[in-house]
1. Report the Stokes-Einstein translational diffusion coefficient (µm² s⁻¹, integer) for the chain, Rh taken as the Kirkwood radius over Cα pairs, at 20 °C with viscosity 1.002 mPa s.
2. Viscosity 1.002 mPa s, temperature 20 °C: what is the translational diffusion coefficient of region 22-177 from Stokes-Einstein with a Kirkwood Rh over Cα pairs, rounded to a whole number of µm²/s?
3. For region 1-130, what does the relative contact order come out to in percent, with C-alpha contacts under 8 Å and a separation of six or more?
4. Tell me what the chain gives for mean residue ellipticity at 222 nm when only DSSP H runs of n ≥ 4 count, each as -39,500 (n - 2.57), the sum divided by the residue total, rounded to 500 deg cm²/dmol.
5. Relative contact order for the chain: what percent, with Cα pairs under 8 Å and sequence separation of 6 or more?
6. Find how many whole Å separate the alpha carbon centroid of region 1-35 from the alpha carbon centroid of region 53-101.
7. Just tell me, in residue order, which DSSP H segments of the chain are both 20 angstrom or longer along the helix axis (alpha-carbon based) and at least 0.5 in mean Kyte-Doolittle hydropathy.
8. Could you give each residue of region 210-225 its phi-based ³J(HN,Hα) in whole Hz, using Karplus coefficients 6.51, -1.76, 1.60 with θ = phi - 60°, and x for Gly or Pro?
Amino acid sequence: MNHPIKLFAVGTPMALVERGITQHFQVCREADPEVRGIAVSGGHTRIDAAFIAPFPKLEIVSSFGVGYDHIDAAALAARGVVVTHTPDVLTGEVADLALGLLIATVRQLPQVDRYLRAGHWLNKPYPLTATLRGRKVGILGLGRIGKAIAKRLEACELEIEYHGRKPQPEVRYRYHPTLLGMAQSCDVLMVVASGGAETKHIVNAQVLEALGPDGILINVGRGSVVDEQALIAALRDKKILSAGLDVFEDEPRVPAELIAMDHVVLLPHVGSASVHTRNAMGQLVVDNLVSWFGGKGALTPVPECQALAARKKG
Ligand code: 8YV
């Protein structure tokens, strides 16, 4: 069936999204001036004013994932284009992963597993590890996911502090106006912050050193937030104890220096990567488009496009 609305697909959509968009739209793989919507499936293509210039009739960009640092939402909003993302449906999943990664890093779970498989247990027990007990966790970026992580950390009886653009009066954790101040106060730095110019490399050599020799860095936000070369140096020089990383600066490329380090835990950006959660995210990509073109507005616009999404509603 020939659908009247043309949609441009960027990246390779997951099966559920592919099915959803072909069911409701005429999906184009080449730039077409009649395109009114774009579905974005990965974070590798930069979607900015230049990218959307060939699409004069564009109304909406529906992006897969909660982070949208690859999209210049302000520029698109200025052109009247609504950008949507997939918040909420992945919050618990990413928070679970963050807690798991923290425990895996402190208690060296992947290393212990490797030890057993290599047959070393037959000779002697695995050496004693560091502990989570008594640690203070500083959360960088106390948004939806940061709060869900905090809830899980509370269950682990850990003290929690946070740093972000501004204090949140309804939150009872201690707020640090500076990241450095928080790093000095804590021995776990949990990075949940989103990417973009504002957060690029804010976790630098000084911040890492402030965490101290027992310090642990966990990053489930964006790789760009951490100065990866400074991190490699801090780990090599034992300025911090270890790191658990789900995100990297140049994915899917991971620096050889990190791969060679046995005392870090490295994951291939799997925070939201369960069938359940990825399907929910994919469904939201489709639902945003269907709702928009059904005249019901965008369901989950990014903050920059909130006013635009509401204005066109109904
Ligand atoms: C996404 C993520 O799956 O939602 C995000 O921001 O980092 C992941 O959960 C990924 O970005 C999709 O490309």
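The values are calculated or read from the model by the stated rules, or taken from the named source; none is laboratory data. These numbers come from a predicted model, not from an experiment. With ideal geometry, Cβ positions are generated from the backbone for all residues, glycine too; neighbour counts draw on all protein chains shown. Just so you know, the surface numbers come from the protein's heavy atoms only, side chains and all, with ligands and any DNA or RNA stripped out. Shrake-Rupley method; radii C 1.70, N 1.55, O 1.52, S 1.80 Å.
1. Details: Rh = 20.9 Å.
After rounding, the answer is 102 µm²/s.
2. On the way: Rh = 19.5 Å.
Rounded to a whole number, D works out at 110 µm²/s.
3. Numbers: 165 pairs, mean separation 22.8, N = 130.
Once normalised by length, the contact order is 18 percent.
4. Working: 12 runs with 110 residues, N = 314.
Computed ellipticity for the chain at 222 nm equals -10000 deg cm²/dmol.
5. Working: 592 pairs, mean separation 56.5, N = 314.
Relative contact order, the chain: 18 percent.
6. Using only Cα atoms to place each centre, the spacing works out to 18 Å.
7. On the way: long enough: 91-106 (23 Å, 1.52); 275-293 (27 Å, 0.34).
Passing helices, by number: 91-106.
8. So the Karplus estimates, Gly and Pro as x, are 5, 5, x, x, 9, x, 10, 10, 10, 10, 10, x, 9, x, 5, 5 Hz.
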